[in-house]
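Participant: I have a structure here, written as structure tokens, and I will follow up with some questions on it.
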Amino acid sequence: MRLLLFIFIHLSGSLSFAASCCGGSFSFPALILADDKAQITSTYSYSQVSDDVLASGKWLRRHDGNLAQTLKLEGAALVSDSFQAGFALPVMMKSADNSASSGGVGDISLYLGHETFPEKTYSRWKPKGLTFLQITLPTSPSIYDSSISTATDIRGRGFYSVGGGIALMKAWATWDMNFNGEIHYSLPRTVANETYGGEVDVQPGWGTTQTIGMGWNRGDYRIGSSLTYLHEDAIRLRGATTSDGTAQKNFTLGFSGSYMINLESAVTVSYADQSWIGAPVNSSLSKTFNISYQQRWPR
């Protein structure tokens, strides 16, 4: 029982990896995966941009002290035996050398989840799984609204995004494996500012995030690791300024440790680094420390 709860705790904390300069990316929702009727997850994140990787693949070391601190509150509740609804509300504070700090609400996400692959009978290989739909609202300033060179006023992507995905998990004795995958589409918008010399249509397109992870459990403790791949289509500009852009690609390697306080609550500490693995393109890479607390209410 504790092993299964540990996997659910690990997966129900949403995964979000993005450079602090760029505001955020589509993230996995904090789904209810155990036999609960509701849950609340609060996460504090401290992130620093370490490198920029250009469209050509050239790496540039950052020395501007670009930091982001985020407090994210996520909640979910059952609306029927198999459906659930939830939200994610991030509040961010950003700073950089020789620049004023800026803070406020980030992009808000809403989602609907479904227990598509319940574990009704034991199987050695068949995983338990859920599917979900998610919408992200541009409720915060983005790069298209920024007027600060260090980008400390950016807290979101600036687009309405709709997407869907799947979360799968399987346990064997003290080991477990999990997979999360999502695909999303960001809607185009029109912006007008001095940077682009007038009005332009911004066309972002499709994106995806895929994560595979594994963990080892003993008693009230779990340690785990994960590898995440992120891809965002090139953002095209049409109008006063014309550009075909470059796709964004990067990998994130993460490590985590969890402690189960009791059957209804747990604490998780994790570290994620985007500069350790893969061949990133057109990305600002960050190193992120997270600590989260989750409280669940059984059915």
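The values are calculated or read from the model by the stated rules, or taken from the named source; none is laboratory data. Computed from a predicted structure; not experimentally measured. Don't worry about glycine lacking a Cβ; one is built from the backbone with ideal geometry, like all the others, and counts go over all protein chains shown. The area values use the complete protein model at the heavy-atom level, side chains included, leaving out ligands, DNA and RNA. Shrake-Rupley method; radii C 1.70, N 1.55, O 1.52, S 1.80 Å.
Participant: To the nearest 0.05, what FRET efficiency results for THR121 and GLU264 with a Förster distance of 30 Å applied to their C-beta separation?
Facilitator: Efficiency, from the Cβ-Cβ distance: 0.70.
Participant: Now for a different question. Please report, in debye to the nearest 20, how large the charge dipole of region 155-299 is about its Cα centre when each Lys and Arg carries +1 at its beta carbon and each Asp and Glu carries -1 there.
Facilitator: For region 155-299, the charge dipole is close to 340 debye.
Participant: Quick check for you: with a 1.4 Å probe and neighbouring chains kept, what is the accessible area per residue of region 216-292, in Å²?
Facilitator: Using a 1.4 Å probe on heavy atoms only, each residue of region 216-292 averages 46 Å².
Participant: While we're here: Between GLU194 and TYR293, how high is the FRET efficiency from 1/(1 + (r/R0)^6) when r is the Cβ-Cβ distance and R₀ = 41 Å? Nearest 0.05.
Facilitator: 0.40
Participant: Rolling a 1.4 Å sphere over the protein heavy atoms, what is the accessible area per residue of region 36-168, to the nearest Å²?
Facilitator: 49 Å²
Participant: Tell me, in nm to one decimal, what length is gained between ILE212 and THR174 on full extension, where the rule is 0.36 nm per residue of separation less the Cα-Cα distance?
Facilitator: Additional length available on full extension: 11.9 nm.
Participant: Rank these by accessible area, largest first, 1.4 Å probe: ARG296, ARG238, ARG155, ARG218.
Facilitator: In descending accessible area the options line up as ARG218, ARG238, ARG155, ARG296.
Participant: If you don't mind, there's one more thing I want to ask. Please get the size of the charge dipole for region 213-291, origin at its Cα centre, with Cβ charges of +1 on Lys and Arg and -1 on Asp and Glu, quoted in debye to the nearest 20.
Facilitator: Approximately 120 debye in magnitude.
Participant: Cα gyration tensor of region 156-299, axes a ≥ b ≥ c as square roots of the eigenvalues: rounded (a/c below 1.5), prolate (a/b > b/c) or oblate?
Facilitator: prolate
Participant: A further question on this structure: For the chain, what is the charge dipole size about the Cα centre, in debye to the nearest 20, if Lys and Arg each add +1 at the Cβ and Asp and Glu each add -1 at the Cβ?
Facilitator: Approximately 780 debye in magnitude.
Participant: Hey, another quick one. Ignoring ligands, DNA and RNA, how do VAL49, VAL105 rank by accessible area with a 1.4 Å probe, largest first?
Facilitator: Result of the area sort, largest leading: VAL105, VAL49.
Participant: As a test question: what accessible area, to the nearest 10 Å², does MET214 have when a 1.4 Å probe is rolled over all protein chains in place?
Facilitator: That residue has around 80 Å² of solvent-accessible surface.
Participant: Could you pull the accessible area for ILE277 with a 1.4 Å probe, rounded to 10 Å²?
Facilitator: 70 Å²
Participant: While we're looking at this one, here's another question. Residues with beta-carbon under 12 Å from that of ALA240, excluding ALA240: net charge, scoring Lys, Arg +1 and Asp, Glu -1?
Facilitator: That sum, taken over residues with Cβ under 12 Å, equals -2.
Participant: In the neighborhood of ILE40, defined by Cβ-to-Cβ distances under 15 Å, what is the net charge if each Lys or Arg adds +1 and each Asp or Glu adds -1?
Facilitator: Cβ neighbours under 15 Å give a net charge of 0.
Participant: Determine, for the chain, the count of lysine pairs separated by eight or more sequence positions (or lying on different chains) whose alpha-carbon distance falls under 23 Å.
Facilitator: Close lysine pairs found across the chain: 14.
Participant: Ok, one more. Taking the Cα centroid of region 208-232 and of region 59-99, what is the distance between the two, rounded to the nearest whole Å?
Facilitator: One Cα centre to the other: 18 Å.
Participant: Give the ranking of SER275, SER186 by solvent-accessible surface, highest area first, calculated with a 1.4 Å probe.
Facilitator: Accessible-area ranking of SER275, SER186, largest first: SER275, SER186.
Participant: I'd like the carbon and sulfur percentage of the solvent accessible area for the chain, probe radius 1.4 Å, heavy atoms only, ligands and nucleic acids excluded.
Facilitator: 61 percent
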